[in-house]
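Have a look at the structure below, then the notes.
The values are calculated or read from the model by the stated rules, or taken from the named source; none is laboratory data. All of these numbers come straight from a predicted model, not from anything done at the bench. Note that each Cβ is placed from the backbone with ideal geometry, even for glycine, and that neighbours are counted across all protein chains shown. When the accessible area is computed, the model is the full protein with side chains, heavy atoms only, and any ligands, DNA or RNA have been set aside. Shrake-Rupley method; radii C 1.70, N 1.55, O 1.52, S 1.80 Å.
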Amino acid sequence: MPIRSPHPDVSIPETALTPFVLERARELGGKPALVDGPSGRTLTFEQLDVAVRRLAAGLRARGFGKGDTYAIFLPNVPEYAVAFHGAAYAGGAVTTINPVYTPDEIEHQLRDAGAKFLVTHPGGVENAVRAAERTGVEEVFVLGEAEGATPVSELVADEPLAEPVAVDPGDLVALPYSSGTTGLPKGVMLSHRNLVANILQARAALAVEEDDVAIGVLPFFHIYGMTVIMNLGLRAGATTVTMPRFDLEQFLATIQEHRVTRAYVVPPIALALAKHPLVDRFDLSSLRLVLSGAAPLGAELERACAERLGCQVIQGYGMTETSPVTHTAPLDRPKPGTIGPAIPNTECRIVDPETGEDAAEGERGELLIRGPQVMQGYLENEEATRATLDEDGWLHTGDVAIVDEDGYFAIVDRVKELIKYKGFQVAPAELEALLVQHPGVADAAVIPVPDEEAGEIPKAFLVLADGDTSPEDVQRFVAERVSTYKRIRAVEVVDEIPKSASGKILRRVLRDRERAAAG
């Protein structure tokens, strides 16, 4: 039977995302909204509001509007929020691209999303232009100047757009990409209503306030950074200090310099905060809360991190397909090792993944989610949508959970086969498809193996076609074609890949074999 959130429901207005997020921007005026950590460059709420509306006017002048998609290929900088909300204010949608993607990976997303325009930074222009030339992208824009792209300064209009383009709350506004429970990355269709709802749900659970300062090191292209850090912070009137990439020493120095009160992290960062000797060199006393998400955090590591920092450390849970937050440990009653109960307006079920029937009390089962934050579906992929969203509106997460007598959930395993490397999703099917392109590989399978620093790493099992190919050759082949986090970190040569009668790779057999070998 459904397990409802213990929190009272929040009222969700029927409104567009950007007017909702920036509702108090003019009132907040000169208060810093976004600060570039490395340089100190600041965008106040008033400046952000004007910049968003000027960009929207420029996009409208170039024919951008409802039904169009604006691609953002940027690291975390204050201008990310301008790009995102400028497109949304103009009535369009945004697709956010990982800034370390290769041209082939960028091309796939641009083509699949049907992007009309693309914005990047000088360091990303070469890859962006190479990818865009092979798609329907009409123009590439760049922050600053770089050969081959139009400066964003030429795009923004002198006069801000006075009013947002009218949209329905159910219209698409964000199109991040996720592998879902299986397969290659797919466009996750999130509406204005989805994101407005999740901002309100998450704020009710996390109590973000105007005097908070958050560190924005988790990428804004990822739904965790997009919703929980960037948009929730703006809605609450808090200040977000951005970092274009993670560097532990710079991360610690930024917390110290800007008196950061909230650090949103993933388990590898939590591990560093708990164990790395660098931490002792910095004053982190301003921290009030560390929230870990994107992958499970062990109870002992959670306790060790809290003890060392002298602040509250909790974890939450979500998916790109749920905008993302569905669970978070209560601030006043955390339980280390759990993701807490569901947030407001959210229902859960734990079901037997084989039968679909509700699991008995105390038993493990697949976690199902229903609520206003659940996606509309996958872009132009009805088969994948039906496999994830059932006819009653339940989203099948692919994660195995257990719930205790207090309604606190813990993620204990995965039905799905995705690999979580430092919080990033790596699809085994994508790597397997690439591996068998190597002339020296006859067959391949990829599974996750545990790693203390990364959480999980991709390990490849290879059937080699000849005696001239080495595992190192294959690893180099993959590394030249994928982003750093997707690289094969371990290889084992085998005689045969276990498969079912229908030809499906039995990764479970390989995982069991790996666990047995590890003792």
Test Pro324 against the criterion of being at pLDDT 95 or above, within 18 Å of Met230 (Cα to Cα), open to solvent by 30 Å² or more (accessible area, probe 1.4 Å) and under 21 Å from the mean Cα position of the chain (by Cα), and give yes or no.
no
Scan region 299-308 and tell me whether some residue there is open to solvent by 40 Å² or more (accessible area, probe 1.4 Å), over 27 Å from Phe84 (Cβ atoms) and among the basic types (Lys, Arg).
yes
Here are Arg54, Arg62, Arg26, Arg41: which of them is open to solvent by 40 Å² or more (accessible area, probe 1.4 Å), in contact with a Pro (Cβ under 6 Å, 6 or more places away or on another chain) and at pLDDT 95 or above?
Arg54
Counted residues in region 465-519 being among the hydrophobic types (A, V, I, L, M, F, W, C), closer than 15 Å to Ala429 by Cα and over 26 Å from the mean Cα position of the chain (by Cα) come to 4
Residue count, region 479-503 (criterion: touching a residue at least 24 places away in the same chain (Cβ under 8 Å), in a strand (DSSP E or B) and either more than 26 Å from Pro268 (Cα to Cα) or among the basic types (Lys, Arg) (or both))
1
Could you go through region 182-189 and let me know if any residue there is crowded, with 21+ Cβ neighbours inside 10 Å, among the aliphatic types (A, V, I, L, M) and either within 23 Å of Leu289 (Cβ to Cβ) or under 18 Å from the mean Cα position of the chain (by Cα) (or both).
yes
So Phe20, is it buried (at least 21 other Cβ atoms within 10 Å of the Cβ) and touching a residue at least 12 places away in the same chain (Cβ under 8 Å):
no
With criteria (1) at pLDDT 95 or above; (2) open to solvent by 60 Å² or more (accessible area, probe 1.4 Å), Met1 comes up short on (1)
Just the residues that are open to solvent by 20 Å² or more (accessible area, probe 1.4 Å) and over 10 Å from Val188 (Cβ atoms), please, taken from region 369-380.
Arg370, Gly371, Pro372, Glu380
Does Thr346 satisfy the criteria of being within 16 Å of the chain's Cα centre (by Cα) and closer than 16 Å to Leu206 by Cβ?
no
How about region 420-478: which strands (runs of 3 or more DSSP E) wholly inside it have at least 3 residues that are open to solvent by less than 30 Å² (accessible area, probe 1.4 Å), free of Cβ contacts under 8 Å to residues at least 40 places away in the same chain and within 14 Å of Ile497 (Cβ to Cβ)?
455-464
